[in-house]
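Chemist: What follows is a structure written as structure tokens; I'll ask about it next.
The values are calculated or read from the model by the stated rules, or taken from the named source; none is laboratory data. What you are looking at is a predicted structure, and each value in this text was computed from that prediction instead of being measured. Glycine gets a Cβ as well: all are built from the backbone with ideal geometry, and neighbour counts include every protein chain shown. Areas reflect the complete protein model, heavy atoms only, side chains present, ligands, DNA and RNA absent. Shrake-Rupley method; radii C 1.70, N 1.55, O 1.52, S 1.80 Å.
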Amino acid sequence: FASMPSLKLIIVDEEHDPSYKSQEGARYSARDLAVYRGRLEGAKVLLGSATPSLETWHHSRPAAEGGRYVRLEMPSRVGANAALPLVRRVDMNHQPKKCVFSPPLLDAIVQRVARGEQSMVFLNRRGYAPVLQCTDCDWKSECPHCSAYRVFHKIDRTLRCHHCGYAERVPRACPACGNPDIAPLGRGTERLEEHLAELLANLRRPNSVSEQWPEGEPVRIARIDADSTRLKGELQAQLARVHSGEVDVLVGTQMIAKGHDFRRITLVAAVNPDGALFSSDFRAPERLFSLLMQAAGRAGRDADISGQSEMWLQTFHPQHPLFDCLKRHDFRAFAAEQLTERQQAAMPPFSFQALVRAEARTQEVAQAFLTTASAGAADLPEYAQFSQNVTLYPAVPMSMQRVANVERAQMLIESPSRAALQRFLGQWQAVLHHTRQQPAGRGLIRWAVDVDPLAI
């Protein structure tokens, strides 16, 4: 939006990143806005990414096939001798039951410490454990204000909701039955850091690691996530410790998985990447592949040691096609497979979507508003034409149905033509405003239209 009188070039780095999509206030995609502004002002637009969004990749196909972008490929890594890390898959079905770090991965980390190199362990879940559970009555630490569980944070002994922020001290006994035996369920970065410290407790650093830390010092483990970097300047201080070689093993969430230039890291491990393989969101595989490939890119960035860099994947599904493409660093094959599936299912980029979200104190009010507005579309002048090209699905609760005591519902609108979808939304907006004033809109808190939603 900046005023640039002689704008000739717009660079969108990491163009696949979902943070370019504004979810509050005016809803827009900064990446798409950059492309549109480039067209308006005659400027060149460069979309850069090692893992482009599938929409961008589809648009960059050859012009003879309908492509609108020019694809510029960089087949090799920056640096004369820099090589991509070797991807290793660990079949957790053949490892000891309930082990967090498989013996081969733990041995690889120990070898890195012995050589004075750094390792990075990635788990996209902060806190100590996602849930606190009673072993007797099966009580779980649900948030009273959201359709989510409160996360157990061991450092300050709190149960904290990551959606509405509600927090309270961990109870001494189960609030439902009084059983004192309540246990954490699952793992977050806090628990991972603690467990790794126990496993490496007897390991000592070699003298070659850093002049500041003499031989025989305990292995140093650092954790970087939204909790450990809340204080001002803490993130910069933590990253400085990693760059200086003071840290041997870095544990963190997606905050450390992309965009950082860690020169000493030669091993990256994803300890539990399977969850996204079976998500109901059709974009989940794309996000997982992007995240893992970006995380792998943190290893071996120094050309002198890149030949021995590795990416470890602990998975119960080692034969999954996604991991096979990742092992070969073959984004092209992954994109081709995903685009084929999406074309068969008529999903973006082969169709176009909009999502109407409604929020109210009750789920009935939110869904009634959407249902009434959907029925009101029949009164539009061009409804006969719209009914041929635009599909309005029934109103349903959102996957996270309640946040901060506000019920949320959504309605998906789909069309094979973007022009038809935009024309429908332009006319239907008056119906939405009118419905807001009718009995069906009473009690409604807010509603919004999100074009090209990133999550459904």
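Chemist: Output the residue which, of all residues in the range 233-292 that are part of a loop (DSSP other than H, G, I, E, B) and aromatic (Phe, Trp, Tyr), is most open to solvent (accessible area, probe 1.4 Å). Working first, answer last.
Modeler: Residues of the range 233-292 that are part of a loop (DSSP other than H, G, I, E, B), as a first pass: 233, 245-248, 253, 257-264, 271-273, 279-283.
From what is left, the residues that are aromatic (Phe, Trp, Tyr) are 262, 282.
Values: Phe262: 2, Phe282: 46 Å².
Residue satisfying both the conditions and the ranking: Phe282.
Chemist: State which residue is farthest from the chain's Cα centre (by Cα) when the search covers only the range 332-388 and only residues that are over 21 Å from Ser60 (Cβ atoms) and hydroxyl-bearing (Ser, Thr, Tyr).
Modeler: Tyr383
Chemist: Which of the strands (runs of 3 or more DSSP E) found entirely inside the range 3-118 contain at least 3 residues meeting this: free of Cβ contacts under 8 Å to residues at least 60 places away in the same chain and open to solvent by less than 90 Å² (accessible area, probe 1.4 Å)?
Modeler: Values: elements: 9-13, 44-48, 86-91.
Hits in the range 3-118: 44-48.
Chemist: State all residues of the range 167-209 that are touching a Cys at 6+ places or on another chain (Cβ under 6 Å) and open to solvent by 40 Å² or more (accessible area, probe 1.4 Å); if no residue qualifies, say none.
Modeler: Quick first cut of the range 167-209, residues touching a Cys at 6+ places or on another chain (Cβ under 6 Å) only: 174, 176-177, 179, 182.
Correct list: Ala176, Cys177.
Chemist: So which residues in the range 411-445 are of a type in the set (Gly, Ala, Ser) and free of Cβ contacts under 8 Å to residues at least 24 places away in the same chain, if there are any at all? Don't jump to the end; show me each part of the working.
Modeler: As a first pass, look at the range 411-445 and keep what is of a type in the set (Gly, Ala, Ser): 415, 417, 419-420, 426, 430, 440-441, 443.
Within the range 411-445, Ala419, Gly426, Ala430 qualify.
Chemist: Take Arg150 and tell me if it is among the charged types (D, E, K, R), at pLDDT 90 or above and in contact with a His (Cβ under 9 Å, 6 or more places away or on another chain).
Modeler: Answer is yes for this residue.
Chemist: Determine, yes or no, whether Gln95 is farther than 20 Å from Thr253 by Cα and out of contact with any Pro (no Cβ under 6 Å at 6 or more places or on another chain). Even if it seems obvious, please write down each step before you answer.
Modeler: Values: farther than 20 Å from Thr253 by Cα: yes; out of contact with any Pro (no Cβ under 6 Å at 6 or more places or on another chain): yes.
Here the answer is yes, as Gln95 does meet what is asked.
Chemist: Applying the selection to the range 210-231, what residues are modelled with pLDDT of 90 or more and open to solvent by 50 Å² or more (accessible area, probe 1.4 Å)?
Modeler: Scanning the range 210-231 gives a single hit, Arg220.
Chemist: May I ask you to verify whether Asn124 is under 30 Å from Lys327 (Cβ atoms) and at pLDDT below 90? I'd like the intermediate steps shown before the answer.
Modeler: Values: under 30 Å from Lys327 (Cβ atoms): yes; at pLDDT below 90: yes.
So Asn124 passes the test.
Chemist: Looking only at the range 103-152, how many residues end up being farther than 22 Å from Gly245 by Cβ and of a type in the set (Val, Ile, Thr)?
Modeler: Here the count works out to 3.
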